[in-house]
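Beneath this line is the structure, given in structure tokens, with notes to follow.
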Amino acid sequence: MKLFLHEVRTEQKLFWRNREAAFFTFFLPIIFFLVFGSIYGDATITEEHLRAAPFLEAGMVGYGVASTAFAGLAITMVIRREGGVLKRIRATPLPPWTYLLAVLFSTFIVFLIEAALIIAIGRLLFDVELPKRPISLLLTLILGATAFAALGLALTGFVRSAEGSSAVVNFVYLPMAIISGTFFTPEGYPPFLRAIADVLPLTYFTKLTRDVMVRHEAIWTNLGSLAVVLGWGAFGLAVATRKFRWEPRER
């Protein structure tokens, strides 16, 4: 436990000292919320019969989990793998799984802070009502971070180089974030985009966050979305178990 907590503190220092990573994985969803909330926050989402600001707030929490727990984690782990950092860690007294769990827990802390800031900004600037089911919200955030972190670790097994990590990961996560309806409702999408959205894990996590944050429902109310997110998380874990590597692939 002492090693775990020490490594969590180390991971937090490493993250916040890396200004580029902090901007693109932590601040970008917040900036998008400020921009889009200012543009159409008082509009009405006709298909959802909701004011746009709370709809967008929950969507940006979904975008945040994709940015932080999926894309940011995947890029970081590929860079560390190809730089030989993961290989050297395995040669130290620090148990590999202690290190990996500390990285995942540190990622969740970053995502939790990000979600809290988005909710605070929504309340202070866009008059969004605070979530009425905090326990369900916390469970939703834990579920999303766990599932997308598993998918992020799984993706590292298919990225061959540190130089190409950003390109490959962004190619996956940016279209997913847009198609999944984090910015806009997917109800008006063309049929082919709607078909893609219907199989993406972020679509169902975003639905789950909107049910909990906007409609104030319990997390277990939408069992369909819950099952899909859990299923994708289990799939990511299975692939990560087989594909995750500690040694560089380029050498």
Open item on the list: Can you find a residue that is within 20 Å of Ala74 (Cβ to Cβ) and aromatic (Phe, Trp, Tyr) anywhere in region 185-200?
Closed with: no
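Is it the case that region 188-197 has a residue that's open to solvent by 40 Å² or more (accessible area, probe 1.4 Å) and in a loop (DSSP other than H, G, I, E, B)?
At the first step, the residues of region 188-197 found to be open to solvent by 40 Å² or more (accessible area, probe 1.4 Å) are 188-196.
Within this subset, residues satisfying the condition of being in a loop (DSSP other than H, G, I, E, B) are 189-190.
Yes: one or more hits.
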Open item on the list: Being small (Gly, Ala, Ser), under 20 Å from Gly72 (Cβ atoms) and surrounded by fewer than 24 Cβ atoms within 10 Å (Cβ to Cβ) is the filter here; which residues of region 105-124 pass it?
Closed with: Ser106, Ala116
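When region 208-233 is examined, which residues are found to be of a type in the set (Val, Ile, Thr) and open to solvent by 60 Å² or more (accessible area, probe 1.4 Å)? Spell out how you get there, then give the answer.
So the first thing to find is which residues in region 208-233 are of a type in the set (Val, Ile, Thr), and the list is 209, 212, 214, 219, 221, 228-229.
Of everything in region 208-233, just one residue is of a type in the set (Val, Ile, Thr) and open to solvent by 60 Å² or more (accessible area, probe 1.4 Å), namely Thr221.
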Open item on the list: Out of the residues in region 75-99 meeting the condition of being open to solvent by less than 10 Å² (accessible area, probe 1.4 Å) and among the aliphatic types (A, V, I, L, M), tell me which one is farthest from Met60 (Cα to Cα).
Closed with: Leu86
TODO: Looking for whichever is part of a helix (DSSP H, G or I), in contact with a Phe, Trp or Tyr (Cβ under 9 Å, 6 or more places away or on another chain) and open to solvent by 50 Å² or more (accessible area, probe 1.4 Å) here; the options are Phe23, Phe32. Which one fits?
DONE: Phe32
Open item on the list: If Phe205 satisfies all but one of (1) closer than 30 Å to Ala43 by Cα; (2) out of contact with any strand residue (DSSP E or B) (no Cβ under 9 Å at 6 or more places or on another chain); (3) open to solvent by 20 Å² or more (accessible area, probe 1.4 Å), what's the number of the condition it fails?
Closed with: (3)
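Restricting region 234-251 to residues that are closer than 16 Å to Leu151 by Cβ and over 20 Å from the mean Cα position of the chain (by Cα), which is surrounded by the fewest Cβ atoms within 10 Å (Cβ to Cβ)? Show your work before the answer.
Looking only at region 234-251, we keep the residues that are closer than 16 Å to Leu151 by Cβ, and these are 234-244.
So of that shortlist, the ones also over 20 Å from the mean Cα position of the chain (by Cα) come out as 242-243.
Values: Arg242: 8, Lys243: 13.
Looking at residues that are closer than 16 Å to Leu151 by Cβ and over 20 Å from the mean Cα position of the chain (by Cα), I get Arg242.
Take Tyr173 and decide whether it is in a helix (DSSP H, G or I) and modelled with pLDDT under 90.
Values: in a helix (DSSP H, G or I): yes; modelled with pLDDT under 90: yes.
Yes; evaluated as a whole, the condition is true for this residue.
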TODO: Sort through Leu94, Leu141 and tell me the only one that's outside any helix (DSSP H, G or I) and aliphatic (A, V, I, L, M).
DONE: Leu94
- [ ] Return yes or no: is Tyr63 free of Cβ contacts under 8 Å to residues at least 24 places away in the same chain, of a type in the set (Ser, Thr, Tyr) and touching a helix residue (DSSP H, G or I) at 6+ places or on another chain (Cβ under 8 Å)?
- [x] no
Task: First in region 226-251 and at negative phi and in contact (Cβ under 8 Å) with a residue 60 or more places away in the chain, second anywhere and acidic (Asp, Glu) and open to solvent by less than 30 Å² (accessible area, probe 1.4 Å), Cβ under 6 Å, 6 or more apart - done: Pro248/Glu82; Glu250/Glu82
Task: The lone exception for Asn170 - which of (1) at negative phi; (2) open to solvent by less than 40 Å² (accessible area, probe 1.4 Å); (3) in contact (Cβ under 8 Å) with a residue 12 or more places away in the chain; (4) not charged (D, E, K, R) it fails - done: (2)
- [ ] Just give me the residues in region 35-50 being open to solvent by less than 20 Å² (accessible area, probe 1.4 Å) and closer than 27 Å to Thr107 by Cβ, in sequence order.
- [x] Gly37
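So which of Thr241, Thr203, Thr209, Thr185 ends up being over 26 Å from Glu20 (Cα atoms), at pLDDT below 90 and of a type in the set (Val, Ile, Thr)? Walk me through how you get there before you give the answer.
On the way: Thr241 fails: at pLDDT below 90; Thr203 fails: at pLDDT below 90; Thr209 fails: at pLDDT below 90.
So the residue among Thr241, Thr203, Thr209, Thr185 that is over 26 Å from Glu20 (Cα atoms), at pLDDT below 90 and of a type in the set (Val, Ile, Thr) is Thr185.
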TODO: Assess whether Ala53 counts as being under 13 Å from Phe183 (Cα atoms), of a type in the set (A, V, I, L, M) and open to solvent by less than 10 Å² (accessible area, probe 1.4 Å).
DONE: yes
Task: Hits in region 182-240 (condition: in contact with a Pro (Cβ under 6 Å, 6 or more places away or on another chain) and of a type in the set (Phe, Trp, Tyr)) - done: Trp232
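The values are calculated or read from the model by the stated rules, or taken from the named source; none is laboratory data. Model, not experiment: these values are computed from the prediction. Reconstructed Cβ throughout: ideal geometry from the backbone, glycine too, with neighbour counts over all protein chains shown. Just so you know, the surface numbers come from the protein's heavy atoms only, side chains and all, with ligands and any DNA or RNA stripped out. Shrake-Rupley method; radii C 1.70, N 1.55, O 1.52, S 1.80 Å.
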